[in-house]
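Read the structure below first, then the notes.
The values are calculated or read from the model by the stated rules, or taken from the named source; none is laboratory data. For clarity, every value in this text was computed on a predicted model and none was experimentally measured. Neighbour counts are summed over all protein chains in view; Cβ atoms, including those assigned to glycine, are modelled from backbone coordinates with ideal geometry. For accessibility, only protein heavy atoms count, side chains too; no ligands or nucleic acids. Shrake-Rupley method; radii C 1.70, N 1.55, O 1.52, S 1.80 Å.
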Amino acid sequence: MPTTEPPFALADVTASDSTLRRFLHGLPGVDPVGLETRAASLGTRSIKTTAKAYALDLAISMVDLTTLEGADTPGKVRALGAKAVGPDPTDRTAPSTAAVCVYPDMVPAAKEAVAGSGVKVASVATAFPAGRASLAVKLADVREAVAAGADEVDMVIDRGAFLAGRYSKVYEEITAVREACGTSARLKVIFETGELSTYDNIRRASWLGMLAGADFIKTSTGKVAVNATPANTLLMLEAVRDFRAQTGVQVGVKPAGGIRTAKDAIKFLVLVNETAGGDWLDNHWFRFGASSLLNDLLMQRQKLATGRYSGPDYVTVD
């Protein structure tokens, strides 16, 4: 479990607001056309049938099955947890998902539903999705989730502070949340890339989150118009690759929102393999934040195995 201290090789970077700003603004600029062209090119790669079967199961195992609605109930969360543990009741060979992701008050119901399985419980926190609250309120949110048994915490950064150039404030909030997670919960840091305006800002946010102790960097809340895209995910994959090369510390990536089909998921797996490498092709280091994606993965899995799709009742509707 990472500490709240930055990696030794970059310790001086966070010594003051001016050194942090100098470092973040000294990162190489992003060529938007080049980034989007490479992401599109990698998305056209085709894979063979045997590789597709492996990719579908791998994608299922990487899903953070999510419900983050005001109308969530313990019953709905328990049903979601049961689906995460056994996604396909007709086929016991289908892998479980990586986690279920819920609000802090729903963590007890989620823990009950996945008890005895390897499925983790992730909780959003820090006044998700807007992040508009005092640090005291945000930390109370995190502590509630961890005390209830959350294995992972998905926090949102203060985008207003970041866009205003108050990088130290964002850094300090992440380190405080990291400390509140203790040794029992991994921390995912959500940037809300659709609100960061530029690819350069996404790169800066990625490095800022990693310097502050993120276990994962995550694109989005799924609550805004622009969520995970191949281009912004490619950029974050480059960041974690370069961060490990410089520090020896591996950080995961979680694209969230807008990934709805098996075809989309496989494109993202190609991005992972071709950019960060095979070390990230594991649900300890790569996740999909999704709700409807799992159903399509299951239907495509059955089509590959039997040559046909089942009727509309084959998968549950979330």
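Some notes on this structure:
- Percent carbon-and-sulfur accessible area, the range 90-147, ignoring ligands, DNA and RNA, probe 1.4 Å: 54
- Think of each Lys and Arg Cβ as +1 and each Asp and Glu Cβ as -1; about the Cα centre, that makes the dipole of the chain roughly 580 debye.
- Cβ-placed point charges (K, R +1; D, E -1), dipole of the range 166-256 about Cα centre in debye, nearest 20: 120
- Residue of 54, 199, 103 that the Gaussian network model of the chain assigns the largest fluctuation, springs spanning Cα pairs under 10 Å: 54
- For the chain, Kirkwood radius (reciprocal of mean inverse C-alpha pair distance, Å): 19.7
- Unsatisfied cross-links (Cα-Cα over 31 Å) in the set 120/303; 76/138; 138/263; 76/169: 138/263; 76/169
- Rounded accessible area per residue of the range 8-77, 1.4 Å, Å²: 56
- Using Cβ point charges alone (K and R +1, D and E -1), the dipole size of the range 191-318 about the Cα centre works out to roughly 220 debye.
- The modelled label-to-label distance for the pair residue 115/residue 304, using points 7 Å beyond Cα in the direction of Cβ, is 3.4 nm.
- Carbon + sulfur, % of accessible area of the range 225-318 - ligands and nucleic acids excluded, 1.4 Å: 49
- Efficiency of FRET from Cβ geometry, residue 57 and residue 198, R₀ 51 Å, rounded to 0.05: 0.90
- Per residue solvent-accessible surface (Å²) - the range 114-197, probe of 1.4 Å: 35
- When you restrict to C-alpha pairs under 8 Å that are six or more residues apart and normalise by the size of the range 26-139, the relative contact order lands at 21 percent.
- Ellipticity at 222 nm from helices only: DSSP H runs of n ≥ 4 in the chain, each -39500 (n - 2.57), divided by the residue count, give -14000 deg cm²/dmol.
- Residue ranking by accessible heavy-atom surface, 1.4 Å probe, largest first, among 301, 166 comes out as 166, 301.
- Across the range 170-183, rounded Karplus estimates of 3J(HN,Hα) from the backbone phi angles (6.51 cos²θ - 1.76 cosθ + 1.60, θ = phi - 60°) give 5, 4, 5, 5, 5, 5, 5, 5, 4, 5, 5, 5, x, 9 Hz, Gly and Pro being marked x.
- Distance between the C-alpha centres of the range 266-281 and the range 75-116: 26 Å, rounded to the whole angstrom.
- Two-site FRET efficiency, residue 183 against residue 163, from Cβ-Cβ distance with R₀ of 25 Å, rounded to 0.05: 0.15
- Measuring nothing but how far apart in sequence close Cα pairs (under 8 Å, 6+ apart) lie, relative to its length, the range 162-318 scores a relative contact order of 17 percent.
- The listed residues 67, 49, 73 rank as 49, 73, 67 when sorted by accessible area, largest first, using a 1.4 Å probe.
- Extension gain, residue 15 back to residue 127 (0.36 nm per residue minus Cα-Cα distance, nm): 37.6 nm
- On full extension, the segment bounded by residue 40 and residue 134 gains 29.8 nm, given 0.36 nm per residue less the C-alpha separation.
- Volume in Å³ per residue [convex hull over Cα atoms, computed for the range 105-223]: 98
- Residues of the range 256-303: accessible area per residue with a 1.4 Å probe, Å²: 35
- When you restrict to C-alpha pairs under 8 Å that are six or more residues apart and normalise by the size of the chain, the relative contact order lands at 20 percent.
- Whole-Hz couplings from phi, Karplus 6.51/-1.76/1.60, listed for the range 16-29; x for Gly and Pro: 8, 4, 5, 5, 5, 4, 4, 5, 5, 7, x, 5, x, x
- Dimensions of the range 203-315 along the principal axes, based on C-alpha atoms and rounded to the nearest Å, stand at 49, 30, 20, largest first.
- Between 181, 131, 227, the Cα set farthest toward the positive side of the dipole of the range 109-241 (charges on each charged residue's Cβ, about the Cα centre) is that of 227.
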